[in-house]
Each structure stands twice: as C-alpha cells, then as structure tokens.
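Chemist: What follows is a structure written as structure tokens; I'll ask about it next.
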Amino acid sequence: MINIIIADHQAIFRAGIAKILAVEDDLRIVGQPKSLEQLVNCLEKLRSRVLVISSRFTSDLSTIQSLAQRSGIALMVLAESTESASAYMAQGVPGVVYRSVPGDSLVEAVRRLARGETYVQVANLGSGVLGEDGVGARVRDRLSDKEIKIMAAVVRGYKNREIALQHYTSEQVIKNALRNIFDKTGVSDRLELALFVLHHKILAQATAAVQIQPEQRRPKGPASGRSRSTDSTKRVPPTVH
C-alpha cells in the first residue's frame with residue numbers, strides 16, 4: 001500500500017486529487033494539510049511514501065526536503081503552468097507535474113515515485129491534444145469565455161460570493177451560470193466539475209490560463225462618499241462665541 005500526503009492550499013483541488021488517487025487499490029490518502037505548519041506535522045507523525053505538494057508550499061523547500069528524506073518520503077511538486085519543471089529538478093525534486101495533469105498520469109507519477117523513480121510532466125502537451133481529448137474539445141467549444149473564467153475560479157476554490165465580486169455581478173447570476181456549466185459538462189456539483197477539468201487536458205489548460213484577481217471589489221460610488229461627509233459635518237457642534 002502506498003500512503004500519500006496531499007498538501008495544497010485549495011480545498012477543492014485537494015479533494016479532487018484525493019478522489020482520483022483513492023479509487024486505486026494500492027493507493028491510500030493519509031493526510032491533507034492545508035498549511036505549512038500542518039504539513040510539517042504530517043511529515044513528522046504520519047507514515048507515508050509520497051508527498052504531493054503545491055508549489056505554494058515550496059518557499060522553504062530545503063526544510064521540506066530534509067523532513068521528507070529523513071522519513072523516506074518521495075516528493076512531487078504540483079507546479080503552476082507558468083513555472084519550470086527543470087528548476088525543481090535542479091533542486092533535487094524527483095517528481096514534478098502541473099495542475100493540468102490528467103488523472104491517469106497523476107496515478108502513474110505517484111507509483112513511479114513510490115518505486116524510487118522520477119517523473120516529470122511535459123509542460124507543452126503538443127498539437128495532438130485535440131485528437132486525444134475529443135470530449136474536452138467539444139465541451140470547450142460549448143463554453144463561453146465568461147463560463148471558462150467562472151469554471152477556473154471554482155476549480156481554484158473560490159466561493160460564489162467571491163466569484164460574483166470578481167465579475168462585478170450578483171451571486172444569483174453566478175449560480176445561474178454554474179447551472180449552465182454543469183449542464184454543458186454533464187456534472188452535478190463543484191467537486192465533479194474540478195475532477196472533470198482534471199481529466200480533460202484542453203479544459204485544464206483553458207482554466208489554468210485564466211488570470212484571477214481576488215482583490216477586485218465593487219467600486220464605491222461617489223454618492224456614498226458625499227453622504228458620509230455630510231453626516232460627519234452635521235455631527236460637528238456649533239462654536240459658541
């Protein structure tokens with residue numbers, strides 16, 4: 001049995017990866033830390049063979065590598081599409097996959113690392129993707145650009161309210177859009193949507209290319225500012241001569 005720790009900052013992505021791996025008879029998820037502190041605790045206390053870790057956790061990569069090596073744990077980094085796998089390999093990381101990795105490739109990568117081998121996903125999936133992923137291509141053609149952006153936000157763990165703020169709209173509009181996305185992809189909830197994206201390279205690439213700015217908020221109108229100024233003026237007591 002290959003025990004696996006999955007460390008990722010996005011809950012829906014952790015759940016998606018866990019669901020892909022857990023259906024295999026020889027793979028078992030023993031920990032899903034969401035912070036660096038929890039990750040260190042898992043490495044020290046849990047018996048595992050493979051650590052799948054988001055690149056967001058690699059700010060102190062040397063410490064993580066030291067803890068993993070001490071326990072005989074093979075390290076695999078989940079890299080962003082803009083990152084270079086060779087940079088991690090140069091630091092001694094034996095496994096690197098991107099967030100667009102298909103489920104079957106993820107399973108293969110874990111098994112190879114457990115055997116003491118290396119695994120690196122090729123970033124450029126090539127021109128043959130359309131032929132290999134006909135379902136993904138058809139679904140992509142049915143989705144609008146806005147739906148792709150909403151789907152990307154869901155896969156990255158944003159809630160409806162946060163997505164609504166990003167698009168300067170209401171939660172109800174986002175809910176309606178999600179129903180359309182569910183219909184077009186044939187899924188019934190957010191987790192299934194994340195898994196569907198993981199399984200289809202074209203959709204994984206399309207969502208990974210979306211730039212999300214979570215700090216966006218509704219702009220405050222000038223009227224509200226004037227109202228506050230007027231109210232504060234009224235509260236100033238008159239000067240007595």
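The values are calculated or read from the model by the stated rules, or taken from the named source; none is laboratory data. This is a predicted model, so every value here is computed, not measured. Here the Cβ positions follow ideal geometry from the backbone for every residue, glycine too, while neighbour counts run over all protein chains shown.
Chemist: Run Gln205 past the list (1) in contact (Cβ under 8 Å) with a residue 24 or more places away in the chain; (2) loosely packed, with under 15 Cβ neighbours inside 10 Å and report the number of the one that doesn't hold.
Modeler: (2) is the only condition that Gln205 fails.
Chemist: In the range 165-241, which helices (runs of 4 or more DSSP H) lie fully inside it and hold 2 or more residues that are closer than 30 Å to Glu80 by Cβ and at pLDDT below 85?
Modeler: The helices (runs of 4 or more DSSP H) meeting that bar are 190-199, 201-208.
Chemist: I'm told Ser86 meets every condition in (1) at pLDDT 90 or above; (2) farther than 23 Å from Val155 by Cα except one. Can you identify the failing condition by its number?
Modeler: (1)
Chemist: Moving to a separate point now. Going by the structure shown, is Arg140 basic (Lys, Arg) and either assigned to a loop (DSSP other than H, G, I, E, B) or surrounded by fewer than 16 Cβ atoms within 10 Å (Cβ to Cβ) (or both)?
Modeler: No.
Chemist: Okay, moving on. Here are Leu36, Leu61, Leu43: which of them is buried (at least 21 other Cβ atoms within 10 Å of the Cβ) and assigned by TED's automatic domain parsing to the domain that holds Asp104?
Modeler: Leu43
Chemist: Sticking with this one: For the range 182-194, enumerate the residues that are surrounded by fewer than 20 Cβ atoms within 10 Å (Cβ to Cβ) and within 19 Å of Ser105 (Cα to Cα).
Modeler: Glu192
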